[in-house]
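Below is one structure; the comments refer to it alone.
The values are calculated or read from the model by the stated rules, or taken from the named source; none is laboratory data. Keep in mind that this is a model prediction, so the values were computed, not measured. Positions of Cβ are generated from backbone atoms using ideal geometry, with glycine treated the same way; all protein chains shown enter the neighbour counts.
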Amino acid sequence: MTTTPTAPAPTVNGVPQERKVVTAIPGPRSVELAARKSDAVAAAVGTTMPVYATQAAGGVVVDVDGNHLVDLGSGIAVTTVGVSDPRVVAAVQAQAAAFTHTCFMVTPYEGYVAVAERLNALAPGDFAKRSALFNSGAEAVENAVKVARSYTGKDAVVVFDHAYHGRTNLTMAMTAKNMPYKHGFGPFAGEVYRAPLSYPYRDGLSGDEAATRAISMIESQVGAANLACVVIEPIQGEGGFIEPAAGFLPALQAWCRANGVVFVADEVQTGFARTGHYFASEAEGLEPDLLVTAKGIAGGMPLSALTGRAEIMDAAHAGGLGGTYGGNPVACAAALAVMDAIEADGLVARAREIGDLLGGRLRDLAARDARVGQVRGRGAMIAVELVEAGTTNPDAALAKAVAAAAHAEGVVVLTCGTYGNVLRFLPPLAISDALLTDAVDVLERAFAGA
């Protein structure tokens, strides 16, 4: 048995905020449930951890065998304010008791309007805005494209190398990585073009140089006269937490404005205080024409949003945007509670503190271990790119081995990247320094043993 080496741990919703491994991972009950999954769930639905959750709160997930796991994934950047934040739980309970659904397009309700108002006020840019609510990040991205096409009367969409935008047909076309997201699922939607991203670790270009390269490709292979929108993640998610060189994003935005192209920031993974700003776009003064959000928006309830300039958002015809469940009242109640929690708990600043602690420890590791090619990211969105020592050759096997070793000691770690060689860290902003420090100690042991 291994435990967090501290005095009695504080609790959140009755869950001690400590790492505690009482069985092998997976334990016998999780093994039993995995067998049931194999019989009942489509084989294409994979899982990262071999355990089954029964409770979670703060920065800890408890499995069915009683193991307490430190959560460095936040359900892929979803439970940003902490798993089962008491304010979110209370808001969900109250709304569910009132009504769970009417469909906003049939009999609307205040919660949807209130979420839109909050998003319009929070999104970067001093101009009139409108919002529309949906269910998933991919759905919101698709609607961004729909709105941009309606507003401009043009068809083409530009995305970037290493991008991830979703698993629907259009967003698979917009996503770069083949396996596991696209392989065997074509043909995909047309009029989607891919431009080179700024990837400082691998291309060595300044932001201006990388922007010139990308814009040259867009102008020569697509043409501004045909281009409805450019869609980009300010920091890429699944692509490997790639942070473009300074100046790259502002140059793209300036080119879009000069050429009548809608600039779309996909902040599904970077939004809601994750990067030490409310939205990652703020770091370089971006004012996206359209802003796509999801994941951290509602503390685990399914919700996404598209927020943007009023004249662009209002371009589509009445009834052109919507969906049966979009802006579900329970999810809207959760989102309002999440935004309250971010403000009340100072979570934008807390993300920076986490970034200093976690990033500092990882940079110390990189100084000792030549297999850590780069530590990058902002706030509580940090990654390490792993390579063969002395080279920049991606080492996916090392990433897999370190993640597996961390899992065995009760730390939830995710991998990502086009080459599968990136470890990404997305701890909930409610995590304690003690819990985070213990998790990094586990990671260091995993590297030593890999």
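Scanning segment 150-186 for residues that are under 16 Å from V261 (Cβ atoms) and of a type in the set (V, I, T) returns T152, V157, V158, V159. Counting only residues that are in a loop (DSSP other than H, G, I, E, B), of a type in the set (A, V, I, L, M, F, W, C) and within 28 Å of the chain's Cα centre (by Cα), segment 13-36 holds 1 of them.
A quick yes/no check of all residues on (1) free of Cβ contacts under 8 Å to residues at least 40 places away in the same chain; (2) among the basic types (K, R); (3) surrounded by 20 or more Cβ atoms within 10 Å (Cβ to Cβ):
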residue	(1), (2), (3)
V262	no, no, yes
G300	no, no, yes
L306	no, no, yes
R309	no, yes, yes
D314	no, no, no
G323	no, no, no
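Taken over segment 233-261, the criterion of being out of contact with any helix residue (DSSP H, G or I) (no Cβ under 7 Å at 6 or more places or on another chain) and not small (G, A, S) is satisfied by E233, Q236, E238, F241, I242, E243, Q253, C256, R257. Of all the residues in segment 171-229, those that are in a helix (DSSP H, G or I) and aromatic (F, W, Y) number 1.
For segment 85-101, the set of residues classified as in a helix (DSSP H, G or I), touching a helix residue (DSSP H, G or I) at 6+ places or on another chain (Cβ under 9 Å) and hydrophobic (A, V, I, L, M, F, W, C) consists of V88, V89, A90, A91, V92, A94, A96, A98, listed by residue number.
Scanning segment 403-423 for residues that are more than 16 Å from the chain's Cα centre (by Cα) and over 22 Å from P26 (Cα atoms) turns up Y419, G420, N421.
Out of L358, L398, L365, L414, which single residue is of a type in the set (A, V, I, L, M, F, W, C), buried (at least 24 other Cβ atoms within 10 Å of the Cβ), more than 15 Å from F272 (Cα to Cα) and in contact (Cβ under 8 Å) with a residue 12 or more places away in the chain? Steps first, answer last, please.
Numbers: L398 fails: buried (at least 24 other Cβ atoms within 10 Å of the Cβ); L365 fails: buried (at least 24 other Cβ atoms within 10 Å of the Cβ); L414 fails: buried (at least 24 other Cβ atoms within 10 Å of the Cβ).
Step by step, each of L358, L398, L365, L414 is checked, and only L358 is of a type in the set (A, V, I, L, M, F, W, C), buried (at least 24 other Cβ atoms within 10 Å of the Cβ), more than 15 Å from F272 (Cα to Cα) and in contact (Cβ under 8 Å) with a residue 12 or more places away in the chain.
Exactly one residue among G373, G326, G355 is at pLDDT 95 or above and in the same structural domain as A138 (by TED's automatic domain parsing), and that residue is G326. Here is the figure for segment 230-252: residues that are in contact with a Ser or Thr (Cβ under 9 Å, 6 or more places away or on another chain) and either charged (D, E, K, R) or outside any loop (DSSP other than H, G, I, E, B) (or both) total 6.
When segment 102-115 is filtered for residues that are touching a residue at least 24 places away in the same chain (Cβ under 8 Å) and either farther than 15 Å from S304 by Cβ or assigned to a helix (DSSP H, G or I) (or both), the ones remaining, listed by number, are T102, C103, M105, Y109, G111, Y112, A114, V115. Within segment 264-296, the residues that satisfy the criterion of being in a helix (DSSP H, G or I), surrounded by fewer than 24 Cβ atoms within 10 Å (Cβ to Cβ) and among the charged types (D, E, K, R) are E282, E284.
Does segment 54-71 contain any residue that is under 23 Å from the mean Cα position of the chain (by Cα), crowded, with 23+ Cβ neighbours inside 10 Å and either at positive phi or part of a loop (DSSP other than H, G, I, E, B) (or both)?
Initial filter on segment 54-71 (under 23 Å from the mean Cα position of the chain (by Cα)): 55-62, 69-71.
In the following step, the residues that additionally are crowded, with 23+ Cβ neighbours inside 10 Å were identified as 56-61, 69-71.
Right, trim to either at positive phi or part of a loop (DSSP other than H, G, I, E, B) (or both) and you get 58-59.
Yes, there is a match, as at least one residue in segment 54-71 is under 23 Å from the mean Cα position of the chain (by Cα), crowded, with 23+ Cβ neighbours inside 10 Å and either at positive phi or part of a loop (DSSP other than H, G, I, E, B) (or both).
Among the residues of segment 116-127, those that are surrounded by 12 or more Cβ atoms within 10 Å (Cβ to Cβ) and not in a loop (DSSP other than H, G, I, E, B) comprise A116, E117, R118, L119, N120, L122.
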